[in-house]
Ligand SMILES: NC(=O)C1=CN([C@@H]2O[C@H](COP(=O)(O)OP(=O)(O)OC[C@H]3O[C@@H](n4cnc5c(N)ncnc54)[C@H](O)[C@@H]3O)[C@@H](O)[C@H]2O)C=CC1
Ligand SMILES: C[N+](C)(C)CC(=O)CC(=O)[O-]
């Protein structure tokens, strides 16, 4: 009977990743950057070098998604066998190539060395019942199918299949949420789960379009990224089509476009034969389209775009942006020490401008966030605002001392410099975490406000006393 470790917050959790290729490497990054220790086993002598490249990309991208710091990065180790990697692990993620005989062999080795940890398989297409065929116990492996790049995209399709332990699936989902992912539990096992079934239909049609000489690989990509690809990222398929039905919604959409399903718009199950010539033609078109950049360069471009898209979705709380907001809320908030630490984060790339450094408007945001953290520390956070009282900033003076670049970790230390009646004076210092250099300072004057009258007002005696105590501590 498998279980998930009952370790408490603060205790290092350990994942074992078996197979450190494209997907295994992504899992390693996702776990490590969320504070888990990770042991990897991969017989490829180049595995460590390749993993380093994936990790460098992940470190440059994932932390930018958050308004708070991710936990301290975990420790990475390379094991010399499956058994060594999985012994004592709290989670095992199998990510070896998509061959059932190989998966059976590796899963049996995992099970022999660790009969307790849940074993997620990254398989794109195999059903859990197929994976379990070679195993001694009944339900120790389930499908945990991620999407590339695993360190940025939240979706993991979870398929337990018949006989899976519902409690373990529920706990597995909790673990995945803890590392910022979105587990989608699929109720029935089918070949290729949900998403790859959809993707394969699109892939088949795209191959036909190339094969029939209708479109090149580049034209097909433009058809996706200039139009429906953008829609899919934020509303998916059904919600998008509901809107496409106008005020009549889905009913009108189905009435209008339902008959098209019977027309020869698609070739579906008719698969173009992948002859050597056809494979070479696709390869040549793809080289002409994207060959100017190396795969690593393309990965970095992809990651930058994904970070920007995800951060835009986060602003609206839509789609994957909602997952990010929820994960942000679980990360440790600053708000300790004298002076008070009020911001700790990474500078996202969309905060930089044509001069290649953080734009001045973003300093305003950082210091505004710092003031919010002071308010929360004083017990004047969102609940206080909802009760009809708040602070307004009436004056800000920022000194830009050094350049701040994308990807840098910054922290803000804040002192209460004075508190007289309705007025609260703050002084913020923004530092580069790596060397403690002061990058900018900010003097801020806030005034306590009654949100009912929208005029300045004295804070109540309890808040006034907390402000006085903090000012005294910072004097
Ligand atoms: N590439 C993709 O877009 C996606 C792949 N997947 C699934 O993830 C799994 C892995 O696929 P990729 O990472 O793309 O393949 P890959 O070829 O990039 O990586 C597989 C890795 O497994 C290693 N390996 C081979 N035999 C091994 C063994 N006995 N023990 C440990 N490691 C071994 C290889 O050296 C290689 O580094 C497959 O099941 C695939 O279906 C899932 C989502 C997306
Ligand atoms: C091509 N693929 C079947 C391996 C793709 C996936 O499984 C998911 C993805 O990341 O597209």
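Only the coordinates and a few stated rules stand behind these numbers; no lab work does. Please read these numbers as outputs of a predicted model, since none were measured by experiment. Because the Cβ atoms are built from the backbone with ideal geometry, glycine has one as well, and the counts that use them run over all protein chains shown.
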Run lengths n ≥ 4 of DSSP H only: what is the helix-derived mean residue ellipticity at 222 nm for the chain, with -39500 (n - 2.57) per run over all residues, to the nearest 500? -12500 deg cm²/dmol
With Cα coordinates, the longest principal axis of the chain makes an angle with the long axis of helix 100-113, in degrees rounded to 10, of 50
The range 121-198: relative contact order in percent, alpha carbon pairs under 8 Å with at least 6 residues between: 33
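Rounded, prolate or oblate for the range 212-361? Axes are the square roots of the Cα gyration tensor eigenvalues, ordered a ≥ b ≥ c, and the cut-off for rounded is a/c under 1.5. Each step should come with its number before you reach the end.
On the way: a/c = 3.01, a/b = 1.49, b/c = 2.02.
Oblate is the answer for the range 212-361, as a/c is 1.5 or above yet b/c matches or exceeds a/b.
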Using only Cα atoms, find the angle between the long axis of helix 22-33 and the longest principal axis of the chain, and express it within 0 to 90 degrees, rounded to the nearest 10. 20
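Rounded, prolate or oblate: pick one for the range 340-474, where a ≥ b ≥ c are the square roots of the eigenvalues of its C-alpha gyration tensor, a/c under 1.5 means rounded, and failing that, prolate if a/b is larger than b/c, else oblate.
On the way: a/c = 2.35, a/b = 1.89, b/c = 1.24.
Because a/c hits 1.5 or more and a/b exceeds b/c, the range 340-474 counts as prolate.
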The range 340-474: relative contact order in percent, alpha carbon pairs under 8 Å with at least 6 residues between: 27
In nanometres, what is the gap between the two model label sites at residue 234 and residue 75, each 7 Å from Cα along Cα-to-Cβ? 4.5
Mean separation of Cα contacts under 8 Å (at least 6 apart) over the residue count of the range 1-141, i.e. the relative contact order in percent, is 30
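Compute the length gained on full extension between residue 455 and residue 212: take 0.36 nm times their separation in residues and subtract their Cα-Cα distance, giving the result in nm to one decimal.
Here the answer is 80.5 nm.
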At 7 Å along the Cα-to-beta-carbon direction for both residue 188 and residue 434, put a label point, then send me their distance in nm to one decimal. 5.4
Label zone at residue 302, where the point sits 7 Å out along the Cα-to-Cβ direction: the range 186-226 residues whose backbone N lies under 19 Å: 195-204, 206-207, 217-226
Under 19 Å by backbone N from the virtual spin label 7 Å along Cα-to-Cβ at residue 425, the residues of the range 333-365 are 339-340
Sorted by average packing, counted as other Cβ atoms within 10 angstrom per residue and highest first, what order do 91-100, 107-116 take? 91-100, 107-116
Given R₀ = 60 Å, what would the calculated FRET efficiency be for residue 472 paired with residue 87, taking r from the Cβ atoms and rounding to 0.05? 0.65
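Where a ≥ b ≥ c are the square roots of the eigenvalues of the C-alpha gyration tensor, would you call the range 275-350 rounded, which needs a/c under 1.5, or, failing that, prolate if a/b is larger than b/c, or oblate? All intermediate terms of the calculation are to be shown ahead of the outcome.
On the way: a/c = 4.33, a/b = 2.72, b/c = 1.59.
Prolate is the answer for the range 275-350, as a/c is 1.5 or above and a/b outweighs b/c.
Restricting to the range 14-193, what percent of DSSP beta bridges are antiparallel, rounded to 5? The partial results should precede the final answer.
Numbers: 4 of 26 bridges.
That works out to approximately 15 percent antiparallel.
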Would you mind putting 69-79, 232-242 in packing order, based on average other-beta-carbon counts within 10 Å, highest first? 69-79, 232-242
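Roughly what % antiparallel, to the nearest 5, for the DSSP beta bridges in the chain? Write out the running numbers ahead of the final one.
Working: 43 of 65 bridges.
Around 65 percent antiparallel, to the nearest 5.
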Which semi-axes, in whole Å and largest first, does the equivalent ellipsoid of the chain have when worked out from the alpha carbon gyration tensor as the square roots of 5 times its eigenvalues? 45, 29, 23
Hey, what angle do you get for helix 461-474 against the long axis of the chain, alpha-carbon based, 0 to 90 degrees rounded to 10? 90
Packing-ranked peptide list from 420-428, 244-252, 193-201, highest mean Cβ count within 10 angstrom first, is 420-428, 193-201, 244-252
Could I have the simple spin-label model distance between residue 263 and residue 241, label points 7 Å from Cα toward Cβ, reported in nm to one decimal? 1.5
